Structure formats: structure tokens, C-alpha cells
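What follows is calculated from the coordinates using simple rules that are stated; it is not laboratory data. None of the values given here were measured: they were computed from a predicted structure. No Cβ is skipped: glycine too gets one built from the backbone with ideal geometry, and neighbour counts run over all protein chains shown.
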Amino acid sequence: MIEEHSHKSTGLRGVEVADTNICLIEGEKGNLFIRGYDINELARNSTYEEVVYLLLYGNLPSFDQLESFKNAIISNQDLPPQLISHLQKTSKNTPSMSVLQSSLALLAGYNNEIGTGKRESDRNIAIRIIARLPIIVTAWERIRSNKEPIAPNKNLKYASNFLYMLHGSIPTDEEARIFDVTLILHAEHSFNASTFTARVIASTGADLYASISGAIGSLSGMYHGGANHLVYESLMEIKKVSSAEEWVKNRFNEGKRIMGMGHAVYKTTDPRAKILKEMAADLVRRKGGLAQWMYETTNKLVEITQKEFKKRKNRGIYPNVDLYGATVYTSLNIPVELFTPIFTTSRVAGWTAHVLEEKYPETPTVKPVIYRPSAEYVGRYCGPLGCEYQPISQRSTQSAAGELVKRLVTDELTKVFDDHLIPVSLSARHIHLSKADFHKLFGEKAVLTPLNSLTQPKQYACKEVVDLIGPKRAIYGVRILGPFRDETQVEISRSDGYVLGINPPTRQSGDLRDTPGVHIIGPKGAITLDKGVIFAARHIHMSPKDAQRLNVSDRQIVAVQFPGTRAGILDEIMVRIHPDYNLELHLDLDEGNALALNTGEMGSLILDLKEGSYSPFR
Ligand SMILES: CC(C)(COP(=O)(O)OP(=O)(O)OC[C@H]1O[C@@H](n2cnc3c(N)ncnc32)[C@H](O)[C@@H]1OP(=O)(O)O)[C@@H](O)C(=O)NCCC(=O)NCCS
């Protein structure tokens with residue numbers, strides 16, 4: 001009857017969702033294999049075109065196969081003129097990744113092989129997308145910079161052609177080779193966020209254009225492909241190698257991440273980062289200048305980040321593929337705005353291979369199906385009939401007040417409230433015990449002691465906690481609050497009720513009959529409650545003196561504002577006046593509040609909600 005405490009695979013770390021023939025990552029060892037080939041071998045010996053062929057067809061091409069594949073790419077390079085004129089009309093402030101994403105979706109209108117459901121047709125579409133993406137990236141960059149787009153040069157290879165369309169001059173062999181290797185390194189990386197996005201979209205039966213444009217959106221995020229240009233910006237902020245230490249420490253102190261460091265899968269240096277580091281070192285030896293400064297600052301950034309991470313989290317953190325890319329791209333005169341679009345130009349090879357595998361599995365030991373994970377509902381729950389629906393006319397007072405509060409807080413009033421803070425203690429979900437039940441759960445010798453962190457007078461607690469077991473699930477670590485009462489009583493939030501699988505009455509009703517059963521398991525024994533489980537309302541305890549000072553009356557509804565971006569406003573708080581209490585907000589936490597607020601936060605009281613006006617207390 002009682003389910004295990006639920007363990008969610010947030011981020012799907014380590015959850016296998018498919019069979020794949022495309023890519024193997026050995027995160028602990030720092031190895032990456034594409035279709036069985038070590039990334040180091042591919043970077044040393046292959047071209048990007050060969051790696052794309054390998055991804056799309058499963059094998060490295062023969063000479064003839066490669067030639068005809070290169071021709072297929074060249075013959076697909078033309079962009080529909082309508083798309084170019086669309087780019088010309090697009091606002092130059094549009095982020096390049098958004099332009100790419102929307103262009104990809106629009107290209108679906110210029111392909112009559114779409115939707116045939118045949119692997120060969122879809123592979124042709126993949127080749128067409130791979131051929132056209134660099135044209136869009138470079139055309140957009142030039143349009144954005146008030147220059148005319150440059151048509152592809154059909155005599156050039158993929159990498160040289162990209163640099164040619166960007167700069168208007170044919171790159172040296174060395175420049176083309178460096179760029180080619182960066183493309184190889186970014187071409188494929190298994191079930192990362194963007195690839196998974198592409199596969200999820202493909203699993204619905206949507207076409208390749210939809211999958212790839214979705215993947216582009218996913219890659220644009222700063223924790224994914226967007227990290228490379230942030231590495232560049234970090235280096236520019238650091239300015240001097242000698243400032244790296246202070247910069248990194250500040251970043252950690254502010255709870256921000258160091259871009260280009262860390263990886264969800266690698267637990268050592270990303271093998272691609274090693275290759276890019278060697279390339280950057282080589283460029284520094286030959287070119288010096290900006291590349292040298294960027295390289296040295298990056299190395300210092302790594303050293304300090306690793307030291308600080310070890311000190312703060314007691315574990316290692318390592319460079320990822322985005323770290324040294326900034327130095328390499330900059331030395332090729334590539335503007336920072338293009339770092340992530342170039343990543344896209346390369347990764348599209350992996351995405352399309354994955355979409356083909358999703359749609360036409362090569363070894364279907366696990367047949368792909370439409371992705372459909374599940375989530376545990378922890379939101380509002382008012383019992384089997386749902387919450388009482390209020391007509392809009394009855395909602396107006398409350399929402400107008402809420403709106404007013406939001407508006408006031410976003411502008412000048414925040415300053416006013418700063419002077420009128422009240423100490424806030426958040427009470428966790430808790431239970432009040434009868435003496436007999438207390439001894440049953442904790443043993444005869446256990447005692448309740450005053451708890452310093454509780455500011456209510458005459459409040460006691462036990463160091464140990466109990467577990468509540470409902471028909472649906474359990475909630476662990478529930479605190480006991482004293483003094484003892486005649487009857488044992490559990491106070492929980494609505495979401496707790498939902499987790500446990502029960503629907504108790506609210507505290508205001510005072511009616512504890514017919515509450516559903518909950519088991520309470522303590523260190524020494526267990527009891528079963530068939531009544532006494534209640535939903536606790538949010539309330540503030542206030543002494544009559546404080547109430548007078550604040551001009552607030554018993555049962556008045558007020559709101560409380562908390563500082564900080566996550567805290568926000570809690571309205572509909574009831575004031576309870578009692579001779580024994582100091583002013584104290586006593587919030588029975590649901591998960592949302594628990595996350596948003598920390599015990600000891602200072603809050604400001606906002607009165608007169610119902611009248612549509614406010615007055616901070618004085
Ligand atoms: C890539 C990334 C999203 C992986 O995140 P992840 O899978 O959650 O990482 P882990 O599980 O190994 O580590 C998570 C912890 O390390 C911290 N951490 C991870 N990378 C960090 C970084 N670059 N800087 C500072 N702290 C970092 C997190 O804050 C978190 O700390 P917490 O557990 O105290 O909350 C993360 O390392 C990151 O944001 N890196 C910077 C962005 C980047 O370079 N992305 C490109 C990846 S190729």
C-alpha cells in the first residue's frame with residue numbers, strides 16, 4: 001500500500017532511453033568514440049566531410065564515396081532567394097541562434113522530399129540542411145554587419161568555404177585545417193540536451209526541419225552551446241592574467257558558474273578540450289598577441305577554478321570543449337557572435353544522424369517510441385472533485401489586491417518596506433503529540449527541550465524526527481513541536497496532503513472527524529492516526545501590543561513581502577492576536593515556499609489589501 005519515497009531522474013542523468021550506434025562517451029576515462037572511431041584519430045586524420053559521412057552512413061567513405069558526397073553537399077548549397085530576402089528584412093538585433101532556428105523551420109517550405117517516410121529521402125534532406133546551414137550563418141553575419149552575403153565557392157571544401165563566405169577571402173590551408181578540426185570536434189556528442197531535443201521531436205513523427213530547428217533552440221542555452229561565447233566574455237572581463245584569481249573567487253561567491261568548466265558526463269578533462277588546448281598552444285607559439293593573452297588567461301582560469309572548486313565542493317572540475325575554442329576561433333578572426341552558430345553548423349551532422357536513427361533504427365533491439373516521461377504532481381489539490389471554481393466577479397478583490405502588491409513592490413515601495421522588516425520564522429510541517437504518543441514514538445526516557453530557533457514562547461521540540469506514512473507515499477523527517485496536547489495532531493500543507501494521499505480538513509474548520517489514516521513512525525515505535533491530520537493555514541502570531549502598533553486586527557488578511565528574487569509576495573496571511581506571542585510569521589511550508597524562503601528571512605508586512613490600498617506598518 002505504501003510506495004517507496006520517490007526518486008526522480010531530474011535531468012535524466014544516467015537514464016538510458018534508447019539504443020544507439022552513433023556515439024560512445026566514457027565519461028570517467030575522458031574517451032569519445034564516433035561510430036567506433038576515437039575522436040583523436042578523427043581530428044588527426046579526417047576532414048569534416050568524412051566525419052559527416054561517417055555519421056550519416058555509419059562507415060568512413062571510400063575515395064569515390066567521399067567525392068560524390070562532397071558533390072552532393074556542393075549541389076545543395078543554394079539558398080532560396082526568399083530566405084535571403086527574409087534575412088535582409090529581419091531586425092539586426094535578433095540573436096543569431098534565433099535567426100538560425102527560424103530559418104531552418106522556413107526551409108521546410110522549399111523541399112519536396114519532405115514527409116515521404118523513406119530513409120533515403122530523409123538522408124537527402126539531412127545533406128541539404130548540412131549544406132545550407134553555413135550559408136545561412138555567414139549570410140546572416142554579413143547582413144547583420146551591413147555587408148552583402150557572399151555566395152559559396154563551389155571549388156572549396158566545407159571548412160574553407162565557410163571562412164571564405166565569412167571573410168570574403170580564401171583562407172590559408174593552415175587556417176582551413178584548424179577550422180576543419182574544430183568542426184570535427186563539435187560534430188557529435190551522444191544524447192546531450194540538443195540531440196535529445198532533436199530525437200524527442202523526431203519521435204513525434206515531425207520532419208527533420210522541425211527536429212533541427214528545435215535542437216538549435218536547445219543548443220543556444222548558456223549551459224550548452226551558448227557557453228563558448230560566454231568564455232570569451234569572461235576572458236574579456238578578466239582582462240589581465242593577474243585578475244583571474246579575484247574574478248573566479250567573486251564568481252563563486254556570487255553563486256555563478258565558470259563557463260567552459262564542468263561537464264554532465266566527463267569526470268575528467270573533455271578529450272575535445274585537450275585537442276583544442278594543443279591547437280591553441282600551437283597558435284600562440286606562432287602568432288602570439290591576442291591568442292597568447294587569451295590562452296594564458298584561460299590556463300589561469302582553469303588553475304584557479306580547480307583550486308576553488310576543490311576547496312568549496314571537495315571535488316574536481318575540468319575544462320570542457322567550449323573553453324579553448326574561444327582562443328582558437330578568435331585567432332581565426334571569427335567574431336564572438338558566431339561561436340555558437342558555428343557549433344550549430346558542426347553539430348547538425350550529429351543531430352541529423354540521430355534523427356535518422358530515431359526514425360529508422362538500425363538495430364532495433366529497443367524500438368523507439370514517442371517520448372513521454374512523467375512527473376509527480378505536487379501542485380494545488382482540493383480533493384477528487386477539484387478546487388472550487390470562483391466566477392471572475394468573486395475573484396476580483398483578491399486579484400486586484402495581488403496586482404496592486406506586485407506593482408507596488410516592483411517600484412518605489414520596496415525602499416519603504418526596507419525600514420519595516422519583521423522577523424520571520426518558518427515552521428516546517430510538524431506534529432503536536434500527546435504525552436502518551438510521544439513516549440510510544442521516542443521511548444519512555446525522551447524529553448522535549450526548548451528549541452532556540454523557534455521564537456514562539458513556550459515552544460519545545462524534540463531533536464529526533466518521525467516519518468509520516470500515507471496511503472500514497474511517505475514524508476520523511478517531520479519535526480515534533482510541543483508542549484504536549486491532549487490529542488496528537490499533524491499539521492501539513494495541501495501539497496503534503498497530496499503526497500501522502502490524504503485530504504484532511506483545514507484548520508479553520510476545526511473539524512477533525514473523518515480525517516484519513518496516517519502512520520507515524522518514530523525511532524522507538526509507531527502509532528496510527530485516524531483523526532487529527534489538518535491543513536494548516538498561513539498565519540502571523542502577534543501580541544496585542546504589536547497589533548496595536550501595526551494597526552492590525554485579529555483575523556485581518558494581510559500580505560507579506562520577502563526580499564530576494566525567488567521570494568516574492570505571500571498574500572492571504574491571517575493575523576492571529578494572542579497575549580503570549582511576539583510578532584512572528586508562522587508559515588506552514590509547502591514545497592514552493594520551502595524552496596523560496598529560508599528560516600530567518602526578514603519579511604515586510606503589507607496591510608489593507610482588501611481596500612486596494614497599502615500601508616507599511618509603522
Ligand atoms: C555543463 C554543466 C551544465 C554540467 O552541470 P551538472 O551536470 O549539473 O554538473 P555536476 O553534476 O557535475 O555538478 C553540479 C555542481 O557543480 C557545480 N558546477 C558545475 N559546473 C560548474 C561551473 N562551471 N562553475 C561553477 N560551479 C559548477 C554546480 O553549481 C553544482 O553545484 P551544487 O551541487 O552545489 O549545486 C555545468 O558544469 C556548467 O554549467 N558548466 C558551465 C557551462 C558550460 O561550460 N557548458 C558547456 C558544457 S559542454
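How big is the gap, in Å, between the Cα center of segment 90-152 and the Cα center of segment 171-204?
About 16 Å separates the Cα centre of segment 90-152 from the one of segment 171-204.
Order the peptides 82-89, 293-300 from the highest to the lowest mean number of other Cβ atoms within 10 Å of their residues.
Values: 82-89: 14.0, 293-300: 20.1.
My ranking of the peptides, most packed first, is 293-300, 82-89.
Stretch Arg485-Asn45 to full length: gain in nm at 0.36 nm per residue minus the Cα-Cα span? It would help to have the intermediate numbers written out before the result.
Working: separation 440, 0.36 × 440 = 158.40 nm, distance 7.81 nm.
That pair, Arg485 and Asn45, stretches by 150.6 nm at full extension.
Taking amide H positions as placed in the peptide plane 1.01 Å from N, state which residues far from Gly482 in sequence (5 or more) or on other chains have amide H under 5 Å from it.
Here the answer is Tyr460, Ala461, since their amide H atoms fall under 5 Å of that of Gly482.
Once you place label points 7 Å from the Cα toward the Cβ at Asn21 and Arg257, how far apart are they in nm?
3.3
Of the listed peptides 122-131, 323-332, 11-20, what is their order by residue-averaged count of other C-beta atoms within 10 Å, with the highest listed first?
Working: 122-131: 21.8, 323-332: 25.3, 11-20: 12.4.
Order by mean packing, descending: 323-332, 122-131, 11-20.
Pull up the cross-link candidates among the lysines for Lys367, meaning alpha carbon to alpha carbon under 27 Å and not fewer than 8 places away within one chain.
Of all the lysines, those that pass the test against Lys367 - Cα under 27 Å, at least 8 places apart if same chain - are Lys8, Lys118, Lys359.
What pairs from Lys29/Lys256; Lys92/Lys154; Lys274/Lys313; Lys277/Lys313; Lys240/Lys307; Lys267/Lys313 go past 21 Å between their alpha carbons?
Lys29/Lys256; Lys92/Lys154; Lys274/Lys313; Lys277/Lys313
Where does each of 220-227, 347-354, 144-151 land if you order them by average Cβ count within 10 Å, highest first?
Averaged packing, sorted descending, gives the order 347-354, 220-227, 144-151.
Using Cα positions and a limit of under 30 Å, work out the lysines in reach of Lys440, with same-chain residues fewer than 8 apart set aside.
Lys440 reaches Lys458, Lys463, Lys472, Lys524, Lys531.
Using each residue's phi in segment 259-272, evaluate 6.51 cos²θ - 1.76 cosθ + 1.60 at θ = phi - 60° and report the 3J(HN,Hα) Karplus result to the nearest Hz, with x for Gly and Pro.
Karplus values, whole Hz, x for Gly and Pro: 5, x, 10, x, 7, 5, 10, 6, 10, 8, 5, 4, x, 6.
What nm value, rounded to one decimal, do you get for the distance between Lys524 and Val366 when each label is placed 7 Å out toward the C-beta?
4.9
If each residue of separation counts as 0.36 nm, what is the full-extension length gain between Lys472 and Ser434 once their alpha-carbon separation is subtracted?
11.1 nm
Restricting to Cα pairs below 8 Å that are 6+ residues apart, what does the relative contact order work out to for segment 221-326? Please round to a whole percent.
42
Using θ = phi - 60° and the Karplus relation 6.51 cos²θ - 1.76 cosθ + 1.60, list the HN-Hα couplings for segment 546-558 in order, rounded to whole Hz, with x at every Gly or Pro.
3J(HN,Hα) across segment 546-558, in whole Hz: 5, 5, 5, 4, 8, 6, 10, 10, 4, 6, 5, 8, 10.
Using 0.36 nm per residue, how much length does the chain from Tyr389 to Lys240 gain when fully extended, once their Cα-Cα distance is taken away?
The Tyr389-Lys240 span can extend by a further 47.6 nm.
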